[in-house]
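Reading through the structure tokens given below for one structure.
What follows draws every value from the coordinates through simple rules; no lab data is involved. None of the values given here were measured: they were computed from a predicted structure. Here Cβ is always computed from backbone atoms with ideal geometry, including for glycine, and neighbour counts include all displayed protein chains.
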Amino acid sequence: MAEFLQHLLNGLMIGGIYALMGIGLTLIFGIMNVVNFSHGEFYMLGAFGVLTLFTFMGVPYVLSLVLTAVFFFMFGSVIERLILRPLRSQPVEVPMLATIGLSIFLANIALIIWDPTPKDIGMPFPLVAVQVGPVSLTPIRLFVFFAALVLIAGSHLFLKYTTLGTAIRATFQDRDAAALMGINIDVVNMITFAWGTAIAAIAGGLLGPIFQVFPTMGAAASSKSFAVVIAGGLGNFPGAILAGLLLGVAESLGAGYISSGYRDAIAFIMIIVVLIFRPTGLLGKSRRLG
Amino acid sequence: MLQLTDVDVYYGRVHALKSVSLRIEEGELVTLVGANGAGKSTTLKTISGMQRPRNGTITFYGEDIGTKSMEQIVKLGIAQCPEGRRVFPDLTVVENLRMGAYTRKDKSELKKDYDEIFSLFPILNERKQQSAGSLSGGEQQMLAIGRALMLRPRLLMFDEPSLGLAPILVEKMAEVINLLHNRGTTILLVEQNAEMALRLADRAYVLETGRVVLEGSSQSVLNDEHVRSAYLGN
């Protein structure tokens, strides 16, 4: 029982990060109709951002995360403006190919700057585990889980209760009608992409201290994110959260009870099962936001 | 206040509007009459900036709006109640109304407008926390009108407000449009139901294959023999 709970909690922590990656990717798809293959590279760069600031420059960990988020929000805005906006009237595969190109470019830039050897960010928090009943939790894992929770809840509250968030949901539901309300679709697209980029970068910075950081780590993160988005239903915000948490728990239990070699296969098993039994995603309805 | 002069619009190679000129004065209710594909909706889309004129000018209170963005055009006070209602289905009634006022700066004034819309359409008040997608067709049409009114528009454009509604609701829409007109709202009405449109309007333009073929007071258009046989069925 204690072992099960331990796997469950570890799974929820990783799952929170998958959910973060998933909501960014699913909103970018739902609002901009862009299949973003560079999502994993934003995650990777976020981890390197924290490595540079926290490990190399000695900036406090939480501040490193905030600075990384701010930088990648701006970075995402620039990518939207320079690469995606000019391609907006093109068929969906054109911006998709552009993001594939961008992901290759970013991974190679990271190789040049940081070389391919995996690096340790180091522990921002004391290593002593907190004993809660039968399970033990390290402070970093607790921090990661609560940070993911706060960011997901914050994103939800923003979409639900602010005028701009409501405008983003309106654009998601009917782009032309939103434009008739005077909602600037370019601004909505830019904010969506910038926010998704920043949140992927934070996810990388959060998991960085738990795993190692290396330039090709984005590929696995991308495929997990796509698993979450597909299982949750394309463009489905609550679906992505649910699928992210489920994937984290399934991976953790699978690795614990079957074999850790199967960890990465579980995401794909999840996609296949969902596509067979619930082709529109776990929550059934394919168009829903906030 | 609104003036289109020799406007040409193309969809790819299709010449959708051919040298269309029309004007609307403050407080007027003007209607565009014509068959499917005559260019009525295209005219509205061109005014709201969704389509661009290739030639010709569109001015609103003397200002050229033919090259302005949709956002800028809405900010000038041109609201549209689009064909097929186009309410945001997963937003609540109140959120839909709030989107209608998206570009308004005087957010503190909104309360008054909500009250006014709820007194015009009490059913929306009862359903204000329901998602718009759960409303009936008639209720959605009321919401679409309310949403357009939230802009406090200087020009309100209706695209086929009676389309797909039961006869009793068509009558209700006619009443509402008439009421708004009597309050002094300037209205451009596009309506397949020519009989209803001409009954409500001060002046009318008849469009055929992208061209204005007849214009004049509603009465004179109603009495035109070609219009009677082509659009009124007698």
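Numerical summary
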{"quantity": "Relative contact order (%) - the range A:135-290, alpha-carbon pairs under 8 angstrom, separation at least six", "calculated": "22"}
{"quantity": "Exposure proxy ranking, count of Cβ atoms within 10 Å, fewest first, for B:Lys75, A:Lys160, B:Lys111, A:Lys224", "calculated": "B:Lys111, A:Lys160, B:Lys75, A:Lys224"}
{"quantity": "Spin-label pair A:Tyr262/B:Ser220, simplified geometry with 7 Å Cα→Cβ offset, distance in nm", "calculated": "8.4"}
{"quantity": "Computed over the range B:49-141, Cα set: Rg, Dmax in Å", "calculated": "15.8, 47"}
{"quantity": "Pairs of alpha carbons in the range A:209-274 whose separation is greater than 20 Å (percent)", "calculated": "30"}
{"quantity": "Cβ-derived FRET efficiency at R0 35 Å, B:Ala35 paired with A:Glu93, nearest 0.05", "calculated": "0.35"}
{"quantity": "Estimated [θ] at 222 nm from DSSP helical runs (n ≥ 4, -39500 (n - 2.57)) normalised by residues in chain B, nearest 500", "calculated": "-10500 deg cm²/dmol"}
{"quantity": "Local net charge near A:Phe268, Cβ-Cβ under 14 Å (Lys/Arg +1, Asp/Glu -1)", "calculated": "0"}
{"quantity": "Nonlocal amide H pairs with B:Gln80, under 5 Å, H built at 1.01 Å", "calculated": "B:Met157"}
{"quantity": "Largest to smallest principal axis extent of the C-alpha atoms in chain A, angstrom", "calculated": "57, 46, 33"}
{"quantity": "Ellipsoid equivalent to the range A:74-117 - semi-axes via the Cα gyration tensor, in Å", "calculated": "25, 13, 5"}
{"quantity": "Sites matching trypsin sites (Lys or Arg not before Pro) across the range B:1-68 that sit in DSSP coil, with at most 15 neighbouring C-beta atoms within 10 Å", "calculated": "B:Arg13, B:Arg54"}
{"quantity": "Global size of the range A:110-160 as Cα Rg and Dmax, reported in angstrom", "calculated": "16.4, 47"}
{"quantity": "Rough spin-label spacing in nm, given labels placed 7 Å along Cα→Cβ, for B:Tyr11 and A:Leu5", "calculated": "6.5"}
{"quantity": "Relative exposure of B:Ser162, B:Ser119, B:Ser69, A:Ser225, judged by other C-beta atoms within 10 Å (fewest first)", "calculated": "B:Ser119, B:Ser69, B:Ser162, A:Ser225"}
{"quantity": "Largest to smallest principal axis extent of the C-alpha atoms in chain B, angstrom", "calculated": "47, 41, 32"}
{"quantity": "P(r) of the range B:92-152 over all Cα-Cα pairs, binned every 10 Å from zero, in whole percent", "calculated": "25, 60, 15, 0"}
{"quantity": "Tail beyond 18 Å, pair distance distribution of the range B:5-74 (Cα, percent)", "calculated": "36"}
{"quantity": "Relative exposure of B:Phe158, A:Phe158, judged by other C-beta atoms within 10 Å (fewest first)", "calculated": "A:Phe158, B:Phe158"}
{"quantity": "Value of Rg to Rh for the range B:143-229 (Rh from inverse mean 1/r over Cα pairs, i.e. Kirkwood)", "calculated": "0.97"}
{"quantity": "Within-12-Å neighbourhood charge of A:Pro209 [Cβ basis; K, R +1; D, E -1]", "calculated": "+1"}
{"quantity": "Convex hull volume per residue for the protein assembly as shown, taking Cα atoms only, in Å³", "calculated": "178"}
